[in-house]
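**Student:** Sharing a structure with you now.
The values are calculated or read from the model by the stated rules, or taken from the named source; none is laboratory data. Since this is a predicted model, take the numbers as computed values, not measurements. A quick note on method: Cβ atoms are made from the backbone with ideal geometry, for glycine too, and the neighbour counts reach across all protein chains shown. Just so you know, the surface numbers come from the protein's heavy atoms only, side chains and all, with ligands and any DNA or RNA stripped out. Shrake-Rupley method; radii C 1.70, N 1.55, O 1.52, S 1.80 Å.
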Amino acid sequence: MKTFEELGVSAEIRKAIEEMGYEYPMPVQEEVIPYLLGNGNDVVALAQTGTGKTAAFGLPLIQKIDINECVPQALVLCPTRELCLQIAGDLTDYSKYISDLKILPVYGGSSIESQIKSLKKGVHIIVATPGRLIDLIERKVARLETIKDVVMDEADEMLNMGFTESINAILEKVPEDRNTLMFSATMSPEISRIAKTYLHDAKEITIGTKNEGSKNVNHIAYIVHAKDKYLALKRVVDYYPQIYGIIFCRTRIETQEIADKLIQDGYNADSLHGELSQAQRDLVMQKFRQRHLQLLVATDVAARGLDVNDLTHVINYGLPDDTESYTHRSGRTGRAGKTGISIAIINMREKGRMREIERIINKKFTIGTLPAGKEICEQQLIKVIDDIEKVKVNEEDIEAFLPNIYRKFEWLSKEDLIKRVVSMEFNRFLEYYRNAPEIEQPKANEKEKSDKPRKDRGSDKEKTARKAEKGYARLFLNMGKTDGFYANQIIELINRNTKKERIQIGRIDLMQNFSFFEVAEQQADIVIKALNKVVIKGKRIIVEVAGENNGKSDKSGKKRDSKASKEKKEAPAKENKASKKDKPSREERGYTSARGPKHKDDWKQFFIHDESSSNPGFDDTGMGKKKKKK
């Protein structure tokens with residue numbers, strides 16, 4: 001095993017990290033540090049959270065800074081405010097013994113004026129979220145012409161959050177001869193595309209296997225009936241009295257419901273989701289980091305960038321739709337060489353998704369049996385006894401009160417006193433599980449008993465018939481998987497064409513040739529008007545309120561006629577002929593096929609921006625402008 005000195009880390013930095021408890025480099029640090037200390041070395045590093053990524057890029061960045069030049073020399077991009085602050089704090093700790101090094105975190109939700117002042121005074125390293133950095137670039141305050149090193153941390157998360165366009169714009173402002181490093185937990189097609197566009201002969205460093213989950217995490221699945229999920233969750237939480245974990249839910253509504261139930265049942269829990277204000281979010285996260293909360297119930301989006309050490313458990317209240325989300329969830333435990341547990345509470349209809357996750361992460365779930373009431377009570381009793389044993393007694397402070405306490409308890413024997421102290425803490429569990437029925441777990445062949453279609457499978461038929469969540473409007477989009485449109489592209493499409501609005505996006509359902517997505521009801525008209533002006537790859541975008549006939553087709557594959565179109569067809573033939581005469585032909589309107597105008601000069605009328613716009617739509621990759629080759 002190499003030392004940090006052998007990797008080329010300077011004495012000042014080594015002194016700081018040794019005080020922080022760093023003895024030997026972790027695998028990702030051993031691979032990345034020597035490479036980044038050189039010049040012209042671009043890297044794509046695939047590594048889970050908690051593997052020592054921040055030190056892997058942070059130590060070389062700090063060492064390469066020229067303190068005498070007080071201009072931005074290194075840029076770190078990350079998806080969330082929380083991760084931005086975390087990275088900036090870590091870099092500050094690593095550079096404790098390097099005087100005059102200035103590191104500035106730049107993020108939304110904080111005073112932009114104070115960030116502008118700091119930039120004008122001069123900084124060496126900028127740690128930024130893409131949105132706020134774009135604001136500062138447009139104000140001509142953040143100048144990136146002197147940047148020599150760029151790091152994109154959690155690049156896959158930034159793409160999932162719709163930051164592709166912002167990343168494109170930022171990287172175009174940075175010199176081409178920079179060093180570029182991308183950190184990602186998974187190698188998705190979007191990551192590959194950005195790497196090819198912006199990195200030169202990048203070295204790919206993989207810690208573990210591509211898209212693999214952390215080796216220090218044990219994966220357990222409890223399979224129950226859907227109606228018993230919350231009861232199963234309670235049993236899991238009760239069986240681990242010292243649990244310190246995150247419970248992931250699929251929607252904001254479910255997140256709040258589960259948190260409310262847990263609080264009502266006496267658990268030390270709170271929720272984290274998109275409807276909280278920034279102040280509420282900060283308060284919840286502060287309480288959780290300080291362990292004043294034992295359980296945090298969160299959505300995937302809200303928990304992005306939440307970097308908390310020593311989590312014992314991650315609980316999936318149902319599996320996410322994509323494997324990448326599961327990898328990010330489970331990677332929040334079992335960090336820094338410690339062992340963690342990722343638990344999935346699922347029903348029989350989610351077993352197929354579980355098998356797919358097993359295949360991608362190259363690890364098997366252990367199918368667990370829910371603990372019985374007696375087992376849970378034993379664990380809770382041990383916890384009460386351990387807590388009593390560990391209580392610190394301050395003899396001097398309580399000495400004056402002891403005579404009265406002894407007099408109060410003198411009628412109780414030692415055995416009676418112990419029973420009462422234990423029962424005071426333990427009765428809640430004893431009473432609940434004394435008469436609690438055991439949770440029936442489905443049998444292996446149970447799903448074969450019903451021939452009815454399974455709603456949770458998310459079949460195209462079910463997705464088409466699905467209704468919007470309360471407060472949201474469900475919209476139809478004429479682009480699907482065959483057009484290369486997935487959740488990332490839909491989010492990006494909305495964000496780039498509604499820049500003045502912060503659109504609240506809900507559920508997204510993808511089909512082969514079309515999709516559905518939900519937005520806040522009051523914003524639906526804005527989204528429809530904005531997107532119906534866009535053309536992508538010669539295909540005009542159509543967005544409309546989802547109805548019964550959206551996406552439905554007959555056996556021949558032709559789109560079914562709506563009621564209105566049927567009435568038109570049943571009208572007298574003469575009227576149809578007359579109306580056709582009044583209507584110009586497709587050729588007269590400049591079309592040669594269903595895909596778009598005949599002449600390329602006619603395209604501009606379909607773009608959301610005119611030809612003078614700096615961003616008149618998508619290019620052929622959907623990723624924005626490419627970086628010019630050297």
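**Student:** Assuming R0 = 51 Å, can you tell me the calculated FRET efficiency for the pair SER99 and ASN435, based on Cβ-Cβ distance, to the nearest 0.05? Don't skip to the answer; put the middle values down first.
**Tutor:** Details: r = 67 Å, r/R0 = 1.31.
Efficiency at R0 = 51 Å is approximately 0.15.
**Student:** Using the Cα atoms of the stretch 396-435, I'd like the radius of gyration and the largest Cα-Cα distance, Dmax, both in angstrom.
**Tutor:** Final numbers for Rg and Dmax: 14.2, 45 Å.
**Student:** Heavy atoms only, probe 1.4 Å: what % of the accessible area of the stretch 259-388 goes to carbon and sulfur, would you let me know?
**Tutor:** Carbon with sulfur: 48 percent of the solvent-accessible area.
**Student:** Where a ≥ b ≥ c are the square roots of the eigenvalues of the C-alpha gyration tensor, would you call the stretch 224-283 rounded, which needs a/c under 1.5, or, failing that, prolate if a/b is larger than b/c, or oblate?
**Tutor:** Here the stretch 224-283 falls in the oblate category.
**Student:** Return a whole-number percent for the relative contact order of the stretch 221-331, with Cα pairs under 8 Å and 6 or more residues apart as the contact set.
**Tutor:** 35 percent
**Student:** Additional query: How would the stretch 228-353 be classified by its alpha-carbon gyration tensor: rounded, prolate or oblate, with rounded meaning a/c under 1.5 and the a/b versus b/c comparison settling the rest?
**Tutor:** Verdict is rounded for the stretch 228-353.
**Student:** So for the stretch 3-135, averaging the separation of alpha carbon pairs under 8 Å that are six or more residues apart and normalising by length, what relative contact order in percent results?
**Tutor:** Relative CO of the stretch 3-135 lands at 27 percent.
**Student:** Give me P(r) over the stretch 49-145, computed from all C-alpha to C-alpha distances, binned every 10 Å, as integer percentages.
**Tutor:** Final binned percentages: 16, 52, 29, 3.
**Student:** Residue by residue, what Karplus-based ³J(HN,Hα) values in Hz, rounded to whole numbers, does the stretch 150-164 have, using 6.51, -1.76 and 1.60 with θ = phi - 60° and x for Gly and Pro?
**Tutor:** 3J(HN,Hα) across the stretch 150-164, in whole Hz: 10, 10, 10, 8, 6, 4, 5, 5, 4, 5, 4, 8, x, 8, 4.
**Student:** Another question about this same structure. I'd like the Karplus ³J(HN,Hα) series for the stretch 80-91: coefficients 6.51, -1.76, 1.60, θ = phi - 60°, whole numbers in Hz, and an x wherever there's a Gly or Pro.
**Tutor:** 10, 4, 5, 5, 4, 5, 4, 5, 4, x, 5, 4
**Student:** Now for a separate question. Distance check, please: which entries in LYS351/LYS539; LYS287/LYS383; LYS196/LYS481; LYS96/LYS173; LYS261/LYS470 exceed 26 angstrom between their Cα atoms?
**Tutor:** LYS351/LYS539; LYS96/LYS173
**Student:** Against the empirical 2.2 N^0.38 Å scaling, what ratio does the C-alpha Rg of the stretch 81-193 come to? Numbers along the way, then the final one.
**Tutor:** Working: Rg = 14.1 Å, N = 113, 2.2 N^0.38 = 13.3 Å.
After normalising by residue count via 2.2 N^0.38 Å, the value is 1.06.
**Student:** Mind ordering 405-412, 172-179, 238-245 by average Cβ neighbours within 10 Å, highest first?
**Tutor:** Result, highest mean Cβ count within 10 Å first: 238-245, 172-179, 405-412.
**Student:** Right, next: Set the Förster radius R0 to 35 Å, insert the Cβ-Cβ distance between LYS374 and GLU257 as r into 1/(1 + (r/R0)^6), and round the FRET efficiency to 0.05.
**Tutor:** The formula returns an efficiency of 0.75 here.
**Student:** Students often check this: by mean Cβ neighbours within 10 Å, which of 69-78, 101-110, 52-61, 273-282 ranks highest, and how do the rest follow?
**Tutor:** My ranking of the peptides, most packed first, is 52-61, 69-78, 101-110, 273-282.
**Student:** Separate question: Sorting check: for 151-163, 528-540, which peptide has the highest mean count of neighbouring beta carbons within 10 Å, and how do the rest follow?
**Tutor:** For the peptides 151-163, 528-540, the packing ranking is 151-163, 528-540.
**Student:** Multiplying the sequence separation of VAL391 and GLN512 by 0.36 nm and subtracting their Cα-Cα distance, what value in nm do you get?
**Tutor:** Values: separation 121, 0.36 × 121 = 43.56 nm, distance 6.09 nm.
Taking 0.36 nm per residue and subtracting the Cα distance, the gain is 37.5 nm.
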